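Trainee: One structure follows; several queries about it will come next.
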Amino acid sequence: MAAPQKLSEEDLESLLPRLPGWKMRGGKLFREYRFSDFAHAFGFMATAAVLIEKRNHHPEWSNVYNRVTVELTTHDAGGITHRDVELAELLEKIAAKLA
């Protein structure tokens, strides 16, 4: 399988509108989710973790009470790739079910 290719700035600008709440920060896709409480935030992470592991493409994320912050980048490609965009879309679907 070929290594993923870093997306151009133009590609990223055209893809960001389909990722509400996501923005560029420090060369990574960034999003902060807020849930009603810790259990929902942790449930989001636990649900996502199983699907993330299957994809073998792991986010940089953290949890503080009802917040989960996520940063996505593909280290092997030196930036954001389609794998990051696809993972962001997956996280959005999971979060929507817990809202």
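The values are calculated or read from the model by the stated rules, or taken from the named source; none is laboratory data. This one's a predicted model, so the numbers in the text were calculated from it and none came from an experiment. Note that we place each Cβ from the backbone using ideal geometry, even for glycine, and neighbour counts take in every protein chain shown. Side chains are part of the model used for accessible areas, which takes the heavy atoms of the whole protein and leaves out ligands, DNA and RNA. Shrake-Rupley method; radii C 1.70, N 1.55, O 1.52, S 1.80 Å.
Trainee: Rolling a 1.4 angstrom probe over the protein heavy atoms, how many square angstrom per residue are accessible across the chain?
Mentor: Spelled out: the 1.4 Å probe surface of the chain, per residue, equals 61 Å².
Trainee: Sticking with this structure for a sec: Let me know the shape class of the chain, please: from the alpha-carbon gyration tensor, a ≥ b ≥ c as square roots of the eigenvalues, rounded when a/c is under 1.5, otherwise prolate if a/b is greater than b/c, or oblate.
Mentor: In terms of gyration-tensor shape, prolate.
Trainee: Still on this model: Please give the FRET efficiency for ILE94 paired with SER14, using the beta carbon to beta carbon distance and R0 = 35 Å, rounded to the nearest 0.05.
Mentor: 0.90
Trainee: If I take every Cα pair under 8 Å that is 6 or more residues apart in the stretch 26-99, average their sequence separation and divide by the length, what percent do I get for the relative contact order?
Mentor: About 40 percent, as a whole number.
Trainee: If one takes the longest principal axis of the Cα atoms in the chain, at what angle in degrees, from 0 to 90 and to the nearest 10, does the Cα axis of helix 82-98 lie?
Mentor: Approximately 20 degrees, to the nearest ten.
Trainee: Once both axes come from the Cα atoms, what is the angle between helix 38-55 and the longest principal axis of the chain, in degrees from 0 to 90, rounded to 10?
Mentor: 40 degrees
Trainee: Do any chymotrypsin sites (Phe, Trp or Tyr not before Pro) in the stretch 6-69 lie in a DSSP loop with no more than 14 other beta carbon atoms within 10 Å, and if so, which?
Mentor: TYR65
Trainee: Now for a separate question. What's the lysine pair count for the chain at a Cα cut-off below 19 Å, pairs eight or more apart or interchain?
Mentor: Pairs that pass both the separation and distance tests number 4.
Trainee: Given the DSSP H assignment, sum -39500 (n - 2.57) over each helix run of at least 4 residues in the chain and divide by its residue total; what's the result at 222 nm in deg cm²/dmol, nearest 500?
Mentor: Value at 222 nm, helices only: -13500 deg cm²/dmol.
Trainee: Now, a different point. For the chain, what % of the accessible area comes from carbon and sulfur atoms, probe 1.4 Å?
Mentor: Carbon with sulfur: 53 percent of the solvent-accessible area.
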